[in-house]
Protein chains: 2
Amino acid sequence: MPDKVIVISLDAMGGDHGPSVVVPAAVQRLEASGGRLKLILHGDRQAIETHLSGKRVPEGAVEIRHTDLVVAMDEKPAQALRRGKGSSLWNAIESVKSGQADAIVSAGNTGALMAISKLQLRMAVPDLERPAIVAAWPTVKGHTAVLDVGANVSSDAHQLIEFAIMGAAFHRAVLGSKNPSIGLLNVGSEDAKGHEEVREAHTLLRERDFGLNYFGFVEGTDIGKGTVDVIVTDGFTGNVALKTAEGTARFISGLMKDALMSSPLSRLGALLAAPALKKMRRRIDPSSINGGPLLGLNGIVVKSHGGADVRGFTNAIRVAEDLVSSGFANEIARNLERMSSIMSSPAAPVESRES
Amino acid sequence: MPDKVIVISLDAMGGDHGPSVVVPAAVQRLEASGGRLKLILHGDRQAIETHLSGKRVPEGAVEIRHTDLVVAMDEKPAQALRRGKGSSLWNAIESVKSGQADAIVSAGNTGALMAISKLQLRMAVPDLERPAIVAAWPTVKGHTAVLDVGANVSSDAHQLIEFAIMGAAFHRAVLGSKNPSIGLLNVGSEDAKGHEEVREAHTLLRERDFGLNYFGFVEGTDIGKGTVDVIVTDGFTGNVALKTAEGTARFISGLMKDALMSSPLSRLGALLAAPALKKMRRRIDPSSINGGPLLGLNGIVVKSHGGADVRGFTNAIRVAEDLVSSGFANEIARNLERMSSIMSSPAAPVESRES
């Protein structure tokens, strides 16, 4: 669909920087999109116009929908649900529900985004308690999609397979693999290792044809190696793994900086190596991979990191565009339907064989 | 007990390098210990004597117990149990059971070490399925003990508290904190987050007096920061976290190396900074923190990394010495007893309050 215009709602007030990041990012994406993109900016009209002034955007490509109300970054989800109606976040999500926008991007409060999205859009995958969050993890080979990294604290075998379906669609739409390989995170590669949930999901993924390119079990070390394109795990393990990796990366970078600053000679060395080191930092810079969808909803909701800069937020808008234009939602719907027909088929389900 | 001689059994054939690493490490520790250490080396007498020849060790400080049988690094635990009797690993563990040695150190097959230890020594903490493994994790501030990193795939609240007790004793004995602070690994710091098991353990640790310095929930990022001295988690999450951190560290070091080799100027910079970078690598070198006990057994069993070099294995022996001389086993026994009396006390247990 090369000529269809994509409409994306932005929560202009979300994130640590609000319109000072969202508006310039919006302008950048409009410049790059060649007239195929329209953006609806929700938030304080004056603040948005200030950041738009002097910028050239195509006629009709930006619409501002004013609201005074903002959901704070530290508001609890329950509070945001109670008093968030009419806020920039709320209105942006509502525009997806009403069909006025194809997707919404917000750098705002994750808990509020999740709660309001769930309330308004409803879950398309009813057995998930909450939308799943996918992280695009930098690896030796490119990027691996890891999910769930935070929302669903425990996940049974069915949910793990749903994550596999959604993660594969995400990798195809955004990270570019034609036939993404899928690994199930475990503590070893033998069939007998791990929780009952991962063992059951492993057996199902191996024996049934969900249309997925299933690789098998992977371990924590495989995340950085890029062994597979998609790594599936429950939200507890995924969240711990993501944060442990962040902490480790920060620790090692800190040690490296200390080491390079520790003597006059090493400081000179660091100076000479600076351009190369900068290039490396850019490769693992979170803003180069910013923007992940909340998965399992009726509608495309993309979460940007709260602290994202213009480059990061621009990337989050691009992720939303890719998700809309790639037929991502249809692929997921088709594969979930296939899954549910497989799981309810007369062929003995895997669990019952053991009984 | 300054004058008591500590007796430690070594599996001289274990690990990727066998006696070529174990024997020189033994000699180094004997030199450092000033006559307070005796080592029993189990394995091929001729191979051990070859590596001992020309080395000076105090009279009577080394005893060789010959055996031809070796448990291979890739043998399955069940197989090792079946045909491992009389092997260097088996005999070394048996000497602890019989009271001839105070501890055993092996760089051999982890699964076999765990299975044979459990069979011979039996669990002191009967509700653990397997001994727990503790990792000494390098952090900004020093080292944090993380457990369980691999053995018990799911853990209830009682087991998590047992890990806390054993981890605190380990930190005190080996890593030097007088009153180790303890964190429970979770996906957020609020009371309502996470699994039921961690929430229950959290409530118990806060409300009952187990003699522990309980900090509260910590997240994955806190591991590298050194927020607490001991981090408690189930064996599944701990194993994934450890391996993810290893993978991330390797990934970032690889990127750094590539960056430094990418141009003549950066290569020159790397050359100038080399001594400082080497010092940094040493700080996170696994051999500086090699050697972790299998926890929960009747007896001290220390696992060295299979690929450990002489420096690494020397450190594993030192860990065993610290565990023996510090009264580690008594501290654990005392605190487990205290725990069981608290948990069976008439004060309403935490779970029942919610019902």
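Computed from the coordinates by the stated procedures, all read-outs in this text should not be read as laboratory data. Note that this is a predicted model, so its numbers are computed, not measured. Methodologically, a virtual Cβ is constructed for each residue, glycine included, from the backbone with ideal geometry; neighbour enumeration extends over all protein chains shown.
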Least to most buried among A:M343, A:M166 (fewest other Cβ within 10 Å first)
A:M343, A:M166
Debye, to nearest 20: dipole size of chain B, +1 on Lys, Arg Cβ, -1 on Asp, Glu Cβ:
1180 debye
Dividing the convex hull volume of the alpha carbon atoms of the stretch A:1-121 by its residue count, what do you get in Å³ per residue?
94 Å³
Whole-number value, in Å³ per residue, for the convex hull of the alpha carbons of the protein assembly as shown is 189 Å³
Round to a whole angstrom and tell me the spacing of the C-alpha centers of the stretch A:263-280 and the stretch B:124-160.
39 Å
Given Cα pairs under 8 Å that are at least 6 residues apart, what percent is the relative contact order of chain B?
21 percent
Roughly how crowded by other chains is peptide A:221-229, in terms of the mean Cβ count from those chains within 10 Å of each of its Cβ atoms?
4
Which of A:G99, A:A72, A:A47, positive extreme of dipole for the stretch A:1-109 (C-beta unit charges):
A:G99
Using every pair of alpha-carbon atoms in the stretch A:97-176, split the distances into 10 Å bins beginning at 0 and state the percent of pairs per bin, rounded to integers.
15, 44, 35, 5, 0
Tell me the relative contact order for the stretch B:1-121 as a rounded percent, counting alpha carbon contacts under 8 Å between residues six or more apart.
34 percent
Taking the Cα centre of chain A as the origin and placing charges on Cβ (Lys, Arg +1; Asp, Glu -1), which of A:A135, A:N239, A:G14 is farthest toward the positive end of the dipole?
A:G14
Scanning chain B for GluC sites (Glu not before Pro) in DSSP loops with at most 11 other Cβ atoms within 10 Å, what's the longest stretch left with none?
B:191-355
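Considering only DSSP states other than H, G, I, E and B, which trypsin sites (Lys or Arg not before Pro) in the stretch B:26-125 qualify as loop sites with at most 14 other Cβ atoms within 10 Å?
B:K55, B:R56, B:K85, B:R122
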To the nearest 20 debye, the protein assembly as shown has a Cα-centred charge dipole, built from +1 on Lys and Arg Cβ and -1 on Asp and Glu Cβ, of 2200 debye
Set of lysines with alpha-carbon distance to A:K225 below 25 Å, sequence-local pairs under 8 removed
A:K141, A:K178, A:K193, A:K243, A:K257, A:K278, A:K279, B:K225, B:K243, B:K257, B:K278
Would you mind telling me the antiparallel percentage of the DSSP bridges in the protein assembly as shown, rounded to 5?
30 percent
With B:G211 itself left out, Lys, Arg at +1 and Asp, Glu at -1 over residues whose Cβ is under 9 Å from its Cβ give +1
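Quick one: work out the % antiparallel among DSSP beta bridges in the stretch B:22-161, nearest 5.
Of the beta bridges lying entirely in the stretch B:22-161, close to 50 percent run antiparallel.
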For B:G176, place a label point 7 Å from Cα along the Cα-to-Cβ direction in every copy; what are the distances to the other copies, in nm, shortest first?
4.9
Copies of A:S98 compared via label points 7 Å along Cα→Cβ give distances in nm, shortest first, of 8.5
Across peptide B:147-157, what mean number of C-beta atoms from other chains lies inside 10 Å of a residue's C-beta?
1
Here D for chain B, in µm²/s, from Stokes-Einstein with a Kirkwood Rh over Cα pairs at 10 °C and 1.306 mPa s, works out to 74 µm²/s
Would you mind working out the magnitude of the charge dipole of the stretch B:1-121 relative to its Cα centre, with +1 at each Lys and Arg C-beta and -1 at each Asp and Glu C-beta, to the nearest 20 Debye?
260 debye
Debye log10 I(q)/I(0) for the stretch A:199-304, one point scatterer per Cα, at q = 0.10, 0.14, 0.15, 0.18 Å⁻¹:
-0.49, -0.81, -0.89, -1.11
Under 28 Å, Cα to Cα: Lys pairs in the stretch A:1-136, sequence gap 8 or more or different chains
14
Gap separating the Cα centres of the stretch B:95-119 and the stretch A:196-262, nearest whole Å:
32 Å
When you look at the Cβ of every residue in A:182-192, what mean number of other chain Cβ atoms sits within 10 Å?
2
Add +1 for every Lys or Arg and -1 for every Asp or Glu among the other residues with Cβ under 11 Å from the Cβ of B:L242, and state the total.
-2
Residues A:K178 and A:K4, FRET efficiency given R0 of 22 Å [Cβ-Cβ distance, rounded to 0.05]
0.45
